[in-house]
Amino acid sequence: MLIYLVLGMSMKNLTYLPLILVANFAVAHDAKPSFECANASGEVEHLICNDQSLAKLDLQMNALYKTVLSSLSIDKQANFKASQRGWIKGRNDCWKSADVYQCTKNSYALQTETLAEKGGLLVNDTPTYYQCTGGVHPAVAVRFYQVDNQAKAILHYGLDNELLDVTVSASGAKYINDSASFWSHKQEATAKVGQDTLSCKLVNKKPSPMISALDLANLQQAEIIGVGEGNEPKRLWRGIWGEDWQSPSSSNADDGYYKVSLTFAGNLAAYGSVMNNQKVQAAVITDFQTSGSGRFSYLSLFDEHFDAEGYGEANNVATALIGDRVQVVDLYVEPPFIVVKSIQAGEQDPMCCGGDFVTQFWRYQNGKLEQDTSKLQRSRISLDIIAGKTWHLMQKGSLPASKTPLSASTLKFEKGQFVGSTGCNNYSSKVQSSEGKTEIKLATIGTTRKACRSDAAQQQEKRFLKALSKVDRYGFYAGQLQLFFDDAGSSKVLAFETTKEKP
């Protein structure tokens, strides 16, 4: 029996897509990508082999590729194969990205859309657009396609994309994956992306802007005011501004550096309404490195400014100094306040080694950011500040930071122990620590003894446990938990990020 699924489009142009319901669309838990992981090369291919979500995307991509390839005439297949090889090379270049995981995920989504279009599998020639409220993204675009009698959707928001599978819904059409969802009914829709739940309405043409001026990529190109001597505005370029370039001491150009610099702190940004105008603003942290030993952290507030032609730009309305050599633990908006949680030097601490856990409440008033000192909270630090959250491994050793999905290595602190998953097995270790100090010592790590799903996963587990056993200090940077360890005389770090929603 055919059941017709109503896609989220205008009533005038409703599209009814025949859908053969199947019991389970999920890929098996031990899904492996279409290529042999034993022959994997480079960071991206190893990441795909070690992650169920990316392995699933690769399998879906390969199935779609074969479907489209088989539909082409022999004379067109050679060019099509060459095009796919070119895409694989581009996907593998994601190792250069600041967020390797998201870059790889986006690469699969965009190529899936390209293949579906080449194979004539898209339901409509153009995307379906929705204007949205409730988050930083002002609009989303959706494209629907069908392969092997399964309805799917490609959701575009900001600079990112999601591949979604249809699921059972009481009304309308709902598409989901591990981290996002899109539900449409008549001319309305709800999109869940990141920590935002967007309420959307169908529109007849592409909204402007599609990408918010407060999107992270735009904020990292913004002009910052109120930092450094003279308070001259400083325009970031890919998250950094600098002056007085110091030439490298070797032939490696990467050894060079700016003597004075302003750096966007990680990928940390918080969104909410703090200006009493019913609009969303963005709060970010920047670090100002002087020619001396100081590293000053600033809080900057942005709203959207539109020119006469309607193009938006992130406008820095106020900036305030948080402190010197501050380690930012968390940043979020609790209207009308911007809340900054950080580690700072206490009265008896040297500036290098803060021992106080400080919660500051900042408010925008009289054209500037002012701290409400009556709400200031200060206590000595302890590992309890990371309790109640699941931390996901972002960085191994000195490798570039990359977003690691929920199925990979995790860490929790509970009842005086580090516990979590290596990606294969569960582990636990008692931790010795002192209040006001960041030095820690781990006891022997105990683990379960399950076999890993691949040799690559087993090697990753060994590297993770070896590094964790050497950890002797913790700290924070831009909301990331950092566990430091010594490796043959070189200081390295395991960096974790929490996905716990802000209060």
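Couple of notes before you dig in:
- Which numbered condition Gly367 misses (of (1) modelled with pLDDT under 95; (2) of a type outside the set (Ser, Thr, Tyr); (3) surrounded by 13 or more Cβ atoms within 10 Å (Cβ to Cβ); (4) more than 30 Å from Arg473 (Cβ to Cβ)): (3)
- Options Thr133, Thr128: the member that is closer than 16 Å to Lys192 by Cβ and in contact with a Ser or Thr (Cβ under 9 Å, 6 or more places away or on another chain): Thr133
- Where a residue in the range 284-307 is polar (S, T, N, Q) and its partner, wherever it lies, is not in a strand (DSSP E or B), with Cβ under 6 Å and at least six apart: Ser297/Val326
- Index of the failed condition, Gly135 passing every other in (1) in contact with a helix residue (DSSP H, G or I) (Cβ under 8 Å, 6 or more places away or on another chain); (2) under 19 Å from Ser179 (Cα atoms): (1)
Every residue, every condition in (1) under 24 Å from Thr263 (Cα atoms); (2) free of Cβ contacts under 8 Å to residues at least 40 places away in the same chain, yes or no:
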| site | (1), (2) |
| --- | --- |
| Lys466 | no, yes |
| Phe476 | yes, no |
| Gln482 | yes, yes |
| Asp486 | no, yes |
| Gly489 | no, yes |
| Thr498 | yes, no |
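- Among the residues of the range 130-179, those that are acidic (Asp, Glu) and modelled with pLDDT of 90 or more comprise Glu162, Asp165.
- Filtered by the rule that a residue be closer than 15 Å to Val274 by Cβ and either assigned by TED's automatic domain parsing to the domain that holds Phe476 or part of a loop (DSSP other than H, G, I, E, B) (or both), the range 327-355 gives Pro335, Pro336.
Per-residue answers, yes or no, for (1) modelled with pLDDT of 90 or more; (2) buried (at least 20 other Cβ atoms within 10 Å of the Cβ); (3) of a type in the set (Ser, Thr, Tyr); (4) not in a loop (DSSP other than H, G, I, E, B):
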residue	(1), (2), (3), (4)
Ser251	no, no, yes, no
Val260	no, no, no, yes
Val274	yes, yes, no, no
Gln278	no, no, no, no
Phe288	yes, yes, no, yes
Phe296	yes, no, no, yes
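- Filter pass, Asp324 being surrounded by fewer than 18 Cβ atoms within 10 Å (Cβ to Cβ), closer than 21 Å to Asn277 by Cα, without any contact (Cβ under 8 Å) to a residue 40 or more places away in the chain and out of contact with any His (no Cβ under 8 Å at 6 or more places or on another chain): no
- Test result for Arg363, farther than 22 Å from Glu439 by Cβ, among the basic types (Lys, Arg) and in the same structural domain as Glu229 (by TED's automatic domain parsing): yes
- Residue within the range 76-83 that is within 28 Å of the chain's Cα centre (by Cα) and either among the hydroxyl-bearing types (Ser, Thr, Tyr) or modelled with pLDDT of 90 or more (or both) present: no
- Qualifying residue in the range 219-236 (condition: farther than 27 Å from Asn315 by Cα and basic (Lys, Arg)): no
- Some residue of the range 177-185 being buried (at least 17 other Cβ atoms within 10 Å of the Cβ), at negative phi and touching a helix residue (DSSP H, G or I) at 6+ places or on another chain (Cβ under 7 Å): no
The values are calculated or read from the model by the stated rules, or taken from the named source; none is laboratory data. Please read these numbers as outputs of a predicted model, since none were measured by experiment. Here the Cβ is made from the backbone with ideal geometry for all residues, glycine too, and neighbour counts use every protein chain on show.
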